[in-house]
Structure formats: structure tokens, C-alpha cells
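The values are calculated or read from the model by the stated rules, or taken from the named source; none is laboratory data. Because the structure is a prediction, the values reported are computed rather than measured. Reconstructed Cβ throughout: ideal geometry from the backbone, glycine too, with neighbour counts over all protein chains shown. All accessible areas refer to the heavy atoms of the entire protein, side chains included, with ligands and DNA or RNA removed. Shrake-Rupley method; radii C 1.70, N 1.55, O 1.52, S 1.80 Å.
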Amino acid sequence: MAAAARFLLRGAVSKASIANVNVGVQSSFGITLLRLSPNCSSKTKTQRRNAAHFTYYPDPVPTEYGPTTKMNLFQSVTSALDNTLASDPTAVIFGEDVAFGGVFRCTVGLRDKYGKDRVFNTPLCEQGIVGFGIGAAVAGATAIAEIQFADYIYPAFDQIVNEAAKYRYRSGNLFDCGNLTIRAPWGCVGHGSLYHSQSPEAFFAHCPGIKVRHSSLLSCFFFVCFAVEQVPTEAYTIPLSQAEVIQEGSDVTLVAWGTQIHVLREVANMAQEKLGVSCELIDLQTILPWDTETVCKSVAKTGRLLISHEAPITGGFAAEISSTVQEECFLNLEAPIARVCGYDTPFPHIFEPFYIPDKWKCFDAVKKLISY
Amino acid sequence: RVLELTGCAASMVVSSRSYADFTPEATFDIKKVDLHRLEEGPPLTATLTREEGLKYYRTMQTIRRMELKADQLYKQKIIRGFCHLYDGQEACAVGIEGGITLSDHLITAYRAHGYTLTRGGTVREIMAELTGRRGGIAKGKGGSMHMYTKNFYGGNGIVGAQVPLGAGVALACKYLGNDQLCVSLYGDGAANQGQIFETYNMSSLWKLPIIFICENNQYGMGTSVERSSASTEYYKRGDYIPGLRVDGMDVLCVREATKFAADHCRSGKGPILMELQTYRYHGHSMSDPGVSYRTREEIQEVRSKSDPISMLKDRMLSNNMASIEELKEIDIAVRKEIEDAAQFATTDPEPPLDDLCSHIFATDQPFDVRGATPWTKLTSTS
């Protein structure tokens, strides 16, 4: 039962979202309560910033998981939560503004369907939300806590790192909060500025006892899971710590997670067209524990690695990947491992287009890798 | 007679009546304030001079028009990002400033445009900051939520985080013995944050000169106070800290209460808490239409019955403290000021690329900041 929730979550997301995803939503990560911002701006005014810094290509429709339906990421999260609440009577969802559907529309309709004692709002208190979630999970309920933006997760940092992550360990497996899942949207949206754009995965990657997981579609969710066994209970599940090779290639390995995957996909296409370079694109999916085997196997094949993320470069998760890969694949490497990341500054307001690791910076890095 | 009115030179010529006709000052009844752990409260009447009245009117009207202009620019996508507008709550900012001086300190959360103005910022700087230009009050690096001036510490994004900071500023005031105080504002949503209670404790223990002000606009984003708080009597939340509940739509009420609170702090009695009952016309931010959790009728009702600017205007007109033409002149002058500022904000150039990495640390020597790739570096200066 402990692991069920996350799998249902992950399972349903994959089932729906690998299907044709609504392209129109991709640039609307600046999603508002009622209004979606329009797709890439076609206005010519130079002062204006474009809505998205990448082009989205939907995945091919999977055939092995049964019937698929058209859904965007938010709808698929809602669908996953719907399945969870349906099959697990102890499941509860709570967070700021989840009752009406959430600021990212991930819980639309759930309160009407399952009642206000299972889907409820909390006051504005992140530390309280996570602490409360830990308690609920320890007592046996499947708790799904939502932090409205990952930038707000820091008041809850102590609860996550000191309480949740260490519960099982310090009680000798007497207690655990394996039933707890924390969801938080992260990543830059084009106008989020300092406090609606951060990528805090590196802070949590440093904490044994929790699992950190992303969804690689449109906009990205940052799952923090506390599973021990990987027990599938739904018809479709995906193992938690497996990276996905999105595209096979032979010359350069590209690794990323979240929105950056789409940037790198475009870079891979550009590299193929302009440089004749075949790139292997890996979606890491889970940050902690991460799939060292898939990445190292790929680097052993290609000899070159580029890792990219929006978070600042110093101490970012690319550093961990880079370090491990050079340990395992030292003699296979043809060029130093490249990291294309954000600058070592707070996430800027107006400088965002310069700050982010966009496709041109990544393409430049690929060129340098090839010609080393 | 001193005819120097803040920025209203035009009205001297246009007004048909001579100034001897206007009432120089009048006393108004103001609403009684609810008290918590206090024997006496602020007075039940407030005296307003003509100059003060015109000044408050102009400042409130400037805030109102500036926010509406920001709304317009946002919808034209000239301002982007998150923009939290203050219209409806003008009496709070103006009233508070009326009760303290510019050498006192103030800190608030993200609904900060009004305070930036009352604390000494200009409309030009504020609007240029919203559009992210180099003429902005934070050099274009902060945006809507991060505006600062002397003795005004912002402009803070994380809900509730500014309150312990305010206590720190108050501690500095006490330590330096300069008879200054700090006003720390937060909203009804933030009132449930743990760090606020930690701050109540510390400031009470050490008798810091801090005025806690809860701007209760009835909604924490989309959640009404009844649905978020076990106790909606925010002025009592300080428990052992004395509290006042004040009508936040009446600028005179706010001013008198602030004066009372300031006296309390300056006499060394320690912190005091004020709840201002106010209302915002816009939604939580520009992304929020503001009508999915409240009715348009409710907003209309507040606009017609309790609008702060109308209230002041009626008071002044019915007591013959100003003429309609004079106030209209002020409106025109304000409109022009806002237009100029918007023009500036739209045409001013964006900050230079070097600013991306500047001011990370305080440093004598410029140092290199690692960039997106191993071979890109920018130099950080401070």
C-alpha cells in the first residue's frame, strides 16, 4: 500500500500524457486561474518576450498500455489523482487552493467527486502543510500535499529533510511516511521572476530518504516520494528510478529533465541537421535515486556528455551526474563533460532570456564537444 | 496664507473662489476602534487641515490611477510577470504614512506599489520597475514585488517572511536609540504563518518598537478569511500584544490609529498590533479576475459605499474645504503624471547585460560568475 499512491500518480500520468498532448498549452505555463496566455507571440515589437523558449514535439502514441486519450499534463495529473482517490479510500489531497481546482488546474472536479473531507484547502502555511502531511502518512493515510510553487517549499524544508526523510531510518522501520507525496510546480515560465521560477531539485537531491521525481512533459512537476518497495497495484505503472531514452543516437549523450528535455530535443534535431551529429537524448525523470546505469551505458557508447538544467550551475544536479560519470566512464570520454545551466545568480526578473540555458547555448556546447 | 500645495500650482489660478472662503481645518467623527488589552484607544475625532486633505487626496488618487495604469499596461503585455494591485486599499498606505515620519521604517509584502510611493518613490520609477527598465526603482532587477526606497524594505515575495525582518529593523532602531520604529505589514493570509508568531514572541520579549499591521482585505488570494482562519479577529492574534481593529477604508481612522500606535511604541511599551479592515477591488494579482470567489455585487457595494477616495472627497466638499474644480484639477494633474510615467516606463531601455550578475555579493574587486556553459562568464561588480 505504501508505494501505491505514487505509482497510480505516475502510472496515470504516463498513460494519458504520452498520447497526443495538447500543444496549445505548452507555452501557457504562466497559467492563471482562469486565463491561459496565448501561444508563442507573433508580435513583432522588439520589447516583447516570446512566451516559450522551445518548440514542443509530442511523443509518439504508446500502444502497450491500453487505450489512450488526449490530455495535457494538468489533466493527466488530475486523472492520476482521480484514480488514486478512487482506488485508495485513505487518500487525501490538500494544499493551498486545491479545492476549486488549484492554480494549475490539477485538482479540478476532485472535491465535487470525492467530498470536502478528502480534498481540502489548507491555510497559508507550507511548514504546517508538510508537517501535517507527514503525520497523516505516518498514521496510515495516503497523503498528497501540494506546495503551490516550488519556490515556496523552503519553509517546509526542515520538515521534509529532518522529519520525513529520516522517519523510517531513525525508528528502525517501526514508522514511516512512505504514503506521503508532495507535489510542487517548478521551473521558469518566461515571466516568473525570482519567486515563481526556481528549480530546487539540487537541495533535495542531497537528502537521503526521499525520492525526487519529475514529469518530463509540458510544464514540470517535482514529486517528492518516500517509497520503499515498488509494488504495482494498477494495470500500468512505471518503475520509479528509471531514466527514459527518448531518442537513440551515437555521437553525443544529452541528459536533462523537465522542460529542458524539449529544449534538448530541438538541439538534437539542430545537431542532426546542421552538424550531422547523432544525439542520444535521455530524460532522467527521477533525480533521486537517479539511473546511473542508463546514463553510463549511453556515455560508454557515445563518449560525450552534455547535461542541462535551469538551476544555477554551481552545486546543481549536473555536478553530481558529471562526477559519477567521470568515475565510471573515464576512459570512454572523448571530451570533458559539458554542463549548460543557469548562471550563479538569483533567478532574474527581466534578464530571464539571457539566464536560461536555451537551445543556442546547448547547441554551442554540442559543437564544442564534437570538435574537442 | 501659505498657498503651497503639493504639486497643485494650477489650482491657484483656476479656482474661482479665493482661499479665504475655504475652511482651513475641520474635525470629523471617526469610527470607534475595537481594542484588545488596551484601556484606551485612539481618539474618536480627527482633525484634518485643508493642506493635509489635498495631500491625502492627491496621493490616494495617484496610487489609484497608477494601479489602473499598471492594469492597462499589463493587459497590453508591456508589464509582465506577477503584478499585485493596491486599488481600494489606498487609505491604508496614506493613513499609515500620515501617522509616522519618513525616518521611521516600513516593510510589507508584495502588494507594495502604494507604499513605494508613500515612502518616497516616484511614479516614474515605480512604473519603470514594473516594466523592468533601467530607470526603475530597483534598476529593473526586481519587478513588481521588489521595490525599495530609503527606510522602505520592500516588496517581499514569500508570504510572511517580511515580518521577522521587520522585527530585526525594530531591534536596530532600539539598539541605535534613535526613537524610530518599524511598521511591519502582512495580510490576512499571512497571519497564519508560523514565523509571524515567532516574531510576536521575540518583539514582545525584547519590547521592540514595532507596529504589526494586518491588512485584512477579506481574501487570501482566493480564500476568504472564514475559510482560512480559525480566528478572524486578527487584532487579537498577538495574544499578549495589545491590538486595535481599525476601519481601513477611512484615511483619518488609519492615521489616528497609527499615531496612537506610534506613541505606544516610542514610549517603550513594546509592540502593538493593528488590523486594518480594508478591501481590494482587483483580484489577488493580474492573473486573477477576482470574481470566482466573490460576487461583482460585493465589489460594487464596497466601491459605492466605502471607497476611500470618495469618502475623503465628500468630507472635504461638504465641509467646504475644497472645491470640485480644485479636486478635478488635481485629478487632471495626476492623470498627466501617470501618462508621463507610463511613457517613460515604455521607452526607457532595459538594464545592460552586465547587471545580470551584478550585486550578488558586496565586493571590492569584480569577480567572475560562472555562466550557462563552462566558457561563458560574466563579471560581477558591486
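Loop sites only, by DSSP: take the GluC sites (Glu not before Pro) in chain B that have at most 10 other C-beta atoms within 10 Å and name the longest stretch containing none of them.
The segment B:41-382 is the longest one with no such site.
Step through the residues of region A:319-333 one at a time and calculate ³J(HN,Hα) from phi using the Karplus curve (6.51 cos²θ - 1.76 cosθ + 1.60, θ = phi - 60°), rounding each to whole Hz and writing x for Gly and Pro.
Once rounded to whole Hz, the list reads 5, 5, 4, 4, 5, 5, 5, 6, 5, 7, 10, 3, 6, 7, 6.
Taking every Cα atom in region B:292-382, find the radius of gyration and the maximum pairwise distance Dmax, and write them in Å.
Both quantities, over Cα of region B:292-382: 25.1, 71 Å.
With +1 on each Lys and Arg Cβ and -1 on each Asp and Glu Cβ, and nothing else charged, work out how big the dipole of region A:244-371 is about its Cα centre, in Debye to the nearest 20.
It works out to roughly 360 debye.
How compact and how long is the protein assembly as shown, expressed as Rg and Dmax of its alpha-carbon atoms in Å?
28.0, 94
At 1.4 Å probe size, put A:R111, B:R370, B:R124 in order of accessible surface, largest to smallest.
B:R124, B:R370, A:R111
Grab the alpha carbons of chain B, take their convex hull, and tell me the volume per residue in Å³. All intermediate terms of the calculation are to be shown ahead of the outcome.
Values: hull volume 63.7 nm³, N = 382.
Hull volume over Cα atoms, normalised by residue count, gives 167 Å³.
Please compute the Cα-Cα pair-distance distribution of region A:261-345 with 10 Å bins starting at 0, giving whole percents from short to long.
Histogram of Cα-Cα distances, whole percents per bin: 17, 49, 32, 3.
May I ask you to work out the translational diffusion coefficient for region A:148-191 at 10 °C, viscosity 1.306 mPa s, via Stokes-Einstein with Rh from the Kirkwood sum over Cα pairs, reported in whole µm²/s? Please report the intermediate quantities before stating the final value.
Working: Rh = 12.1 Å.
Roughly 131 µm²/s, to the nearest whole number.
How big is region B:48-88 by the Kirkwood estimate over distinct Cα pairs, in Å?
Result for region B:48-88 stands at 11.4 Å.
Under a 1.4 angstrom probe, counting protein chains only, how are B:W206, B:W375 ranked by accessible area, largest first?
Sorted descending by solvent-accessible area, the residues read B:W206, B:W375.
List the residues whose amide H sits under 5 Å from the amide H of A:R183, counting only those 5 or more places along or on another chain, with H placed 1.01 Å from N in the peptide plane.
Placed amide hydrogens put A:A145, A:E146, A:I147 under 5 Å from A:R183.
Would you compute, from DSSP H runs of 4+ residues alone, the mean residue ellipticity of the protein assembly as shown at 222 nm, taking -39500 (n - 2.57) per run and dividing by the full residue count, rounded to the nearest 500?
-10500 deg cm²/dmol
What Rg and what Dmax come out for region A:237-293 when only alpha-carbon atoms are used, in angstroms?
11.9, 38
Can you pull the Kirkwood radius for region A:68-232, inverse mean 1/r over Cα pairs, to one decimal in Å?
Radius from the Kirkwood sum: 16.1 Å.
Report, in listed order, any pair from B:K77/B:K328; B:K174/B:K269; B:K32/B:K236 with a Cα-Cα distance greater than 19 Å.
Among B:K77/B:K328; B:K174/B:K269; B:K32/B:K236, the Cα-Cα distance tops 19 Å for B:K77/B:K328.
Using the Cα centre as the reference, give the magnitude of the dipole from point charges on the C-beta atoms of the protein assembly as shown (Lys, Arg: +1; Asp, Glu: -1; all else neutral), rounded to the nearest 20 debye.
740 debye
In terms of solvent-accessible area of protein heavy atoms at a 1.4 angstrom probe, what is the ranking of B:T27, A:T84, highest value first?
Greatest to least solvent exposure: B:T27, A:T84.
Pairs B:K55/B:K313; A:K211/A:K301; A:K274/A:K359: which are spaced more than 19 Å apart, C-alpha to C-alpha?
Values: B:K55/B:K313 12 Å; A:K211/A:K301 28 Å; A:K274/A:K359 14 Å.
The pairs that break the limit, which is 19 Å between Cα atoms, are A:K211/A:K301.
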